[in-house]
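Notes to accompany the following structure.
The values are calculated or read from the model by the stated rules, or taken from the named source; none is laboratory data. The structure displayed is predicted, hence computed values, not measured ones. Positions of Cβ are generated from backbone atoms using ideal geometry, with glycine treated the same way; all protein chains shown enter the neighbour counts. Ligands, DNA and RNA are excluded from the accessible area calculation, which covers all protein heavy atoms including side chains. Shrake-Rupley method; radii C 1.70, N 1.55, O 1.52, S 1.80 Å.
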Amino acid sequence: MKQFLQDYNMVFAMAALGCLTIMMKSIAAIVYYKLICQAEQMGSTQNKYMKALVGKITASYKLKREIHNIKCIVDKSMYNMRFLGISAAGWKNMGIYGIAAVFMVLVSCLLLGVYFHMPYEWHALTGLSATAVIVLLVTSEILFQIHRKYRLLQLQMTDYLENILQPKLEKEYLHPEEEKKYQNEYFENEEQTDQQDEAAASMEDLKLFEEFVEEYLAD
């Protein structure tokens, strides 16, 4: 075991963890980007999780059951939305998991170093290596903006469900009489407007005809 530590294999392990975490975060960034694009057109999305969510809310309104907390439903759906067996909510924490894993390896490494009486230079190099890996992971978080993409995805889904789908379903299934009344009033107003326009046009034509007759008689 001492030889294993002397060969800096634990340092290589931390570096491997860092690279794996960055790779997973790049995958998460791509996944979130595609989900955000789907959420922007959620009414016609082909994503099975989003379609199921829309169907669930629609079915609830068909049963005359009003939904009061769309955000809670969206948050819950983020845990059911999975890619490679990991939920959408779990992908955003890849950086935290990676930093935690590197830190655990570092602590174990330092404890073993104390136990085997490793030299100061070994401890210093191990600590600096772990610090470099953690700084790289934090930088990748700023670069990929995983948490920002996650919040944007939540916002896009909540916006569609709360401001577009929900009002439509409420009018259609909970208040159909008000919708019918509004439509009748709208078409009545349209008809009255058309009639007024036609009457105004007729009056204008009549006035032009009278002016023409007067000019003709004057000649």
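Note on Lys34: lysines with a C-alpha under 21 Å away, same-chain residues under 8 apart excluded, are Lys25, Lys48, Lys51, Lys71, Lys76, Lys92, Lys149.
If the chain between Leu20 and Lys56 were fully stretched, how many nm would it gain, using 0.36 nm times the residue separation less the Cα-Cα distance?
Numbers: separation 36, 0.36 × 36 = 12.96 nm, distance 3.69 nm.
Working it through step by step, the gained length comes to 9.3 nm.
A 1.4 Å probe run over region 50-157, with the rest of the protein chains in place, finds 59 Å² accessible per residue.
Net charge of the neighbourhood of Glu141, taken over other residues with C-beta under 13 Å away and scored Lys/Arg +1, Asp/Glu -1, is +4.
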